[in-house]
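The next block holds one structure in the form of structure tokens; read it before the comments.
The values are calculated or read from the model by the stated rules, or taken from the named source; none is laboratory data. All values derive from a computational prediction rather than experimental measurement. Here the Cβ positions follow ideal geometry from the backbone for every residue, glycine too, while neighbour counts run over all protein chains shown.
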Amino acid sequence: MFANKKAWFSDSVSPTFREFWLLECGILTGWRTADYLFSEDATHPDTLRIFRSEAYLWEKVTVFHSFFLNACQKRKSIKSVSIGHYVLPPVPVQDAVRNVIGRFIWEYEEDQPGARESFTIRAEAKCGID
């Protein structure tokens, strides 16, 4: 699903999501070279550093909530999930958005049982790594 795509994960993200990324043949990298940036907490220090970076201010990077990966796993597809629903903005933007539309999609998902799926297939076998 994520073959040859690079992702950075905040320390706020459950290791389960990193494991799933690797299971689906994704690559882990630093945030400056990643195709995807994942966090679960807009106030986490590593995520705040990104929000304060020139790359973020110039709209060159976007942070996504890691529950995007959960949705992809459930649908067994990246193409059937709108990543735009999983944008994780800074807290002041979240507050302004909540005042207009209510909860974010990942906040609904957090309330669901099994929100953090367990992935047990070995990544090496699926990705062809010996």
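Taking Val63 and the conditions (1) in contact with a Ser or Thr (Cβ under 7 Å, 6 or more places away or on another chain); (2) surrounded by fewer than 16 Cβ atoms within 10 Å (Cβ to Cβ), which numbered condition does it fall short on, given that it satisfies the others?
Every condition holds for Val63 apart from (2).
With the condition kept exactly as written, say whether any residue in region 72-92 is more than 13 Å from the chain's Cα centre (by Cα), surrounded by fewer than 18 Cβ atoms within 10 Å (Cβ to Cβ) and of a type in the set (A, V, I, L, M).
We begin by selecting, within region 72-92, every residue more than 13 Å from the chain's Cα centre (by Cα); these are 74-77, 79-80, 90-92.
When the remaining residues are screened for being surrounded by fewer than 18 Cβ atoms within 10 Å (Cβ to Cβ), the result is 74-77, 79-80, 90-92.
Now narrow it down to the ones that are of a type in the set (A, V, I, L, M): 91.
Checked region 72-92: at least one residue is more than 13 Å from the chain's Cα centre (by Cα), surrounded by fewer than 18 Cβ atoms within 10 Å (Cβ to Cβ) and of a type in the set (A, V, I, L, M).
Conditions (1) farther than 20 Å from Cys127 by Cβ; (2) out of contact with any Phe, Trp or Tyr (no Cβ under 9 Å at 6 or more places or on another chain), marked per residue:
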position	(1), (2)
Ile27	no, no
Arg32	yes, no
Ala55	yes, no
Glu59	yes, yes
Val63	yes, no
Ala71	yes, no
Ile83	yes, no
Pro90	yes, no
Val93	yes, yes
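Asp11 - would you say it is surrounded by fewer than 13 Cβ atoms within 10 Å (Cβ to Cβ), of a type in the set (Asp, Glu) and either under 18 Å from Cys127 (Cβ atoms) or without any contact (Cβ under 8 Å) to a residue 24 or more places away in the chain (or both)?
Working: surrounded by fewer than 13 Cβ atoms within 10 Å (Cβ to Cβ): yes; of a type in the set (Asp, Glu): yes; either under 18 Å from Cys127 (Cβ atoms) or without any contact (Cβ under 8 Å) to a residue 24 or more places away in the chain (or both): no.
In short, no.
Based on this model, can you work out whether Asp95 counts as surrounded by fewer than 16 Cβ atoms within 10 Å (Cβ to Cβ), within 12 Å of the chain's Cα centre (by Cα) and not hydroxyl-bearing (Ser, Thr, Tyr)? Break it down stepwise before answering.
Details: surrounded by fewer than 16 Cβ atoms within 10 Å (Cβ to Cβ): yes; within 12 Å of the chain's Cα centre (by Cα): no; not hydroxyl-bearing (Ser, Thr, Tyr): yes.
The answer is no for Asp95.
Return the only residue of Leu69, Leu48 being part of a helix (DSSP H, G or I), out of contact with any His (no Cβ under 7 Å at 6 or more places or on another chain) and surrounded by 18 or more Cβ atoms within 10 Å (Cβ to Cβ).
Details: Leu48 fails: surrounded by 18 or more Cβ atoms within 10 Å (Cβ to Cβ).
After applying the criteria, what remains is Leu69.
Looking at Glu54, Glu59, Glu24, which is the one that is of a type outside the set (A, V, I, L, M, F, W, C) and either within 23 Å of Asn4 (Cα to Cα) or in contact (Cβ under 8 Å) with a residue 60 or more places away in the chain (or both)?
Details: Glu54 fails: either within 23 Å of Asn4 (Cα to Cα) or in contact (Cβ under 8 Å) with a residue 60 or more places away in the chain (or both); Glu59 fails: either within 23 Å of Asn4 (Cα to Cα) or in contact (Cβ under 8 Å) with a residue 60 or more places away in the chain (or both).
Result of the check over Glu54, Glu59, Glu24: Glu24.
Looking only at region 36-73, which residues are more than 25 Å from Glu107 (Cβ to Cβ) and of a type outside the set (Lys, Arg)? Talk me through it step by step, then tell me what you get.
Of the residues in region 36-73, the ones more than 25 Å from Glu107 (Cβ to Cβ) are 53-55, 57-58, 60.
Correct list: Ser53, Glu54, Ala55, Leu57, Trp58.
Specify the residue that is farthest from His85 (Cα to Cα); the eligible residues are those in region 1-44 that are modelled with pLDDT under 95 and among the polar types (S, T, N, Q).
Out of the qualifying residues, it is Asn4.
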